[in-house]
Amino acid sequence: MKQIVSFDQYRREYERSIQDPEDFWAEVAADYQWSRKWDTVLDWNFTEPSIKWFEGGYCNLAENCLDRHLDKRGEQVAIIWEPNESSEAYRTLTYRELHEQTCRFANVLKKLGVKKGDRVCIYLPMIPEAAVAMLACARIGAIHSVVFAGFSATSLVNRMNDSECSLLITADAVFRGKKKIELKKIADEALEQTPSIKHCIVYNHRNTEINFDEGRDHWWYDLMREESSEHAAEPMEAEAPLFILYTSGSTGKPKGLLHTTGGYMVFAGYTFSNVFNYREEEVFFCTADVGWVTGHTYLVYGPLLNGATTVMFEGIPTYPDHGRFWEVVDKHQVNIFYTAPTAIRSLETYGTEIFQTKKLDSLRILGTVGEPINEEAWQWYHEYVGKKKCPIVDTWWQTETGGILISPIATVTPLKPSFATFPLPGIQPVLLDGSGKEIEGNGVSGYLCLRFPWPGMARTIYSDHTHFRQTYFSAYKGYYFTGDGCKKDEEGYYRITGRIDDVINVSGHRIGTGEIEDVIDEHQVVVESAVVGYPHDIKGQGLYAFVICNETALTDDKLRLEIQSLVAEKIGAFARPDKIQIVPGLPKTRSGKIMRRILRKIAEGDTSNLGDTSTLLDPAIVDRIKESAL
Ligand code: WTA
């Protein structure tokens, strides 16, 4: 694949990609294997919206990730699996082995009646079988919906029911650090409420005793043993659905963003190769879980499309000690390391002594994703991890965008700490003001939107196209609205400033305030609640809940604990509020709308200037909340 190797070349490629996007992307797409070439490169409008890339073309993503490499690098390692316990042996799968496993599992899925277009839910730990399952779905044209294994039974139920999955793939249990998570138990609870699920495949990962429903459950290995390792990949239309991935929005339940085959493939491959300046035979380590979009695009698909060796790490950065990431880097001679700012900030709190026993000399490129990186964390990462010689790519993108849109190109773009720098070729960002007018020039700030499609973008919200239009294409006519605020400095460098809607970014996890409020409100004594974000040293943002309660015999502390466990049970532990303040009322306008702006200020501890409160129904409530702020 042609790579950008100089900043001048970047500028030229960028210019060309804007002048003639179709020609540009057609050239990129030609690097892949298509069983039939496309008739049209692009057909689009942002009104319906309708976005179609490479129509008439047929390809298979799994074939492009695996079969395409077999002649040249069949014996090269595709996945290095690093277990939770550092003393346990790691596993490797070569491209040939991964291909074989994927084919076998594709045959398993077919045997169980899974057809093209059927939805398959994957609720697995960070084990190679997660990649095998994803690739096997892609291979037969089934749509995978990976659910992060930190989600609760309720979240799993909602996701499986929303897209009417017919099959679930899970494991008995997993350890994350010292904590054991009994996935099958959670799945069993969920499966009581998911009528569309016909089969459940269980991977025996930890030899944990599980409940086994003979009619519904199957052991992974029993099924695999029976099947052949030969399977002809199904030619898929470029716009055939590839996967659904749920993410939080500012309102309502999580949305199942739908990505399609050809465009996603082209975009994942192109961005991986260029942003990370990937070179043959290098080892790439992305610390994200496969349950999030980063795990989809830059742990599995992007690296495999490029014939890379990708590291999949099951554990956590602080187990058995806070040097674990660096131990993994040295052990597997990682060249490119990609993680979240929150991980960097949390490791920073342990000091730098640990680096005395780590070499880290294999590292060439570093990256961050998921939230803005503050300058101090950037410098720490640059100095202690990168030894001041590794460029850091601060990559901005979203579940909706499928891949990176704004980011430095490693070794090419002049860096500026805490700036995502410039749009990649083919990406046309604009800053809009409140009235939807484009703000031109440098030294400006506004709402970040895109005015032209790119191949990796989501095409719809599964079974709710109206919601898709309303959420992303209605705020500003003719634009895709990201929900992020952005500044451009005097030199035109982009700096993403964070969400401007009611989405909170906690440790790089997107959480909708509405979702948490719905759960808190389920508690017997809770009348109403409002959740806002506040700056948090390690997590980036923390969750602050204001809660109105009925008279209760519960102490405030007991109530707080109950609310926290309720959120953990209904959503997942990562969504537990950090602070819960019991309040006598909430600041509401006369029309009943909660003024979140005021709550945000109180949560931030900045109550000196709360702005205009005269439109409140009961302005006095603000002082009462202020008095007992946490
Ligand atoms: C935020 C993760 C600043 C942003 C890939 C976006 C970032 C949301 C960055 C998407 C970055 C992601 N700098 N903010 N480099 N990367 N974000 O869908 O608010 O989990 O809208 O996708 O994360 O989160 P999501």
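The values are calculated or read from the model by the stated rules, or taken from the named source; none is laboratory data. Values in this document were obtained by computation on a predicted structure and should not be read as measured data. All Cβ positions, glycine included, derive from the backbone under ideal geometry; neighbour counts span all protein chains shown. Accessible surface areas use protein heavy atoms only, side chains included; no ligands, DNA or RNA. Shrake-Rupley method; radii C 1.70, N 1.55, O 1.52, S 1.80 Å.
Computed values, structure above
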{"item": "Residues satisfying the stated conditions in segment 481-519, i.e. touching a Phe, Trp or Tyr at 6+ places or on another chain (Cβ under 7 Å), near the ligand (Cβ under 8 Å from one of its atoms) and closer than 25 Å to ILE571 by Cβ", "result": "HIS509"}
{"item": "Top-ranked residue of segment 377-409 - restricted to ones that are within 14 Å of the ligand (Cβ to nearest atom) and of a type in the set (A, V, I, L, M), ranked as surrounded by the most Cβ atoms within 10 Å (Cβ to Cβ)", "result": "ILE404"}
{"item": "Single residue of segment 354-376 satisfying the filter (in contact (Cβ under 8 Å) with a residue 40 or more places away in the chain and assigned to a loop (DSSP other than H, G, I, E, B)) that is farthest from the ligand (Cβ to nearest atom)", "result": "SER362"}
{"item": "Strands (runs of 3 or more DSSP E) wholly inside segment 72-170 that include at least 3 residues being modelled with pLDDT of 95 or more and not hydrophobic (A, V, I, L, M, F, W, C)", "result": "91-94"}
{"item": "Residue satisfying condition, being in contact (Cβ under 8 Å) with a residue 12 or more places away in the chain and away from the ligand (no atom under 16 Å from the Cβ), within set VAL532, VAL527", "result": "VAL527"}
{"item": "Per-region count, segment 419-437, residues open to solvent by less than 10 Å² (accessible area, probe 1.4 Å) and part of a loop (DSSP other than H, G, I, E, B)", "result": "5"}
{"item": "Close pairs from segment 411-433: first at pLDDT below 95, partner buried (at least 18 other Cβ atoms within 10 Å of the Cβ) and β-branched (Val, Ile, Thr), Cβ under 9 Å, at least 6 apart", "result": "SER418/ILE373"}
{"item": "Criterion: over 19 Å from the mean Cα position of the chain (by Cα) and within 21 Å of THR260 (Cα to Cα) - qualifying residue of GLY426, GLY402", "result": "GLY426"}
{"item": "PRO535 vs. criteria outside any loop (DSSP other than H, G, I, E, B) and farther than 27 Å from ARG159 by Cα", "result": "yes"}
{"item": "Residues being in contact with a strand residue (DSSP E or B) (Cβ under 8 Å, 6 or more places away or on another chain), in a loop (DSSP other than H, G, I, E, B) and open to solvent by less than 50 Å² (accessible area, probe 1.4 Å) - total across segment 579-606", "result": "5"}
{"item": "Extreme residue, nearest to TRP292 (Cα to Cα), among residues of segment 492-512 that are in contact (Cβ under 8 Å) with a residue 60 or more places away in the chain and outside any strand (DSSP E or B)", "result": "GLY508"}
{"item": "In segment 603-630, the residues that are free of Cβ contacts under 8 Å to residues at least 40 places away in the same chain and closer than 25 Å to THR552 by Cα", "result": "ASP618, ALA620, ILE621, VAL622, ASP623, LYS626, GLU627"}
{"item": "Set LEU554, LEU543: member being more than 15 Å from the ligand (Cβ to nearest atom) and assigned to a loop (DSSP other than H, G, I, E, B)", "result": "LEU554"}
